[in-house]
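Report on the following structure.
Bear in mind these aren't lab numbers, they're just calculated from the coordinates by the rules spelled out. Every value quoted in this text rests on a predicted model; they were computed, and no experiment measured them. When we count neighbours, we look across all protein chains shown, and the Cβ atoms used for this are built from the backbone with ideal geometry, even at glycine.
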Amino acid sequence: MTTATRDAVKSEPINVARAIVRATGGAASVSRAMTIARTETHKAANTSQYTRAEWAAQDEGLDVVVEWISTNDSRVRDAHKNADGQKRDIGQPFNVNGEMMMHPSDPKASAANVINCRCVLGYDTQ
């Protein structure tokens, strides 16, 4: 990844936050806008990576195994800490405190499991 690309990726949440604040006429706080920007950026990254792994599994005939990886720091919610280390075949959901999720930041999941999520997936083939 080039320095320019890395800088653009790092600045994207800030640009999204600015757009949200501008669009609402300043009604949304900068903090709230940053939360939305971080959440949506993380959701896009996790969803695109998972989708690519699904395609690889289907198109290339790979047996892909995914593992839920929590940040495991003091800010991690208990549900995500408990999901840490779960492994599934691609296409099989994770059990996150009783909610079935395909990946971290799953757009079909509840806000309680998506907002400010910092979890990622690890990918492996068998």
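Values computed for the structure shown
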{"quantity": "From phi via Karplus (6.51, -1.76, 1.60), per-residue ³J(HN,Hα) for the range 73-78 in Hz, x at Gly/Pro", "calculated": "10, 5, 9, 6, 5, 4"}
{"quantity": "Difference of contour (0.36 nm per residue) and Cα-Cα distance, residue 84 to residue 47", "calculated": "11.5 nm"}
{"quantity": "Reach of residue 81 by Cα under 12 Å, taken over aspartates and glutamates that are not fewer than 8 positions away in the same chain", "calculated": "73"}
{"quantity": "Cα pair distances exceeding 21 angstrom across the range 52-126, given as percent", "calculated": "24"}
{"quantity": "Inter-label distance for residue 115 and residue 59, nm, one decimal - labels placed 7 Å from Cα along Cα-to-Cβ", "calculated": "3.6"}
{"quantity": "In sequence order, calculated HN-Hα J values of the range 119-126 (Karplus, 6.51, -1.76, 1.60; Hz; x Gly/Pro)", "calculated": "6, 9, 10, x, 10, 8, 10, 10"}
{"quantity": "Partner aspartates and glutamates for residue 87 [C-alpha distance under 14 Å; skip if fewer than 8 residues away on the same chain]", "calculated": "63, 67, 124"}
{"quantity": "Candidate aspartates and glutamates for bridging to residue 108, where Cα separation is under 18 Å - those fewer than 8 sequence places away on the same chain excluded", "calculated": "40, 54, 99"}
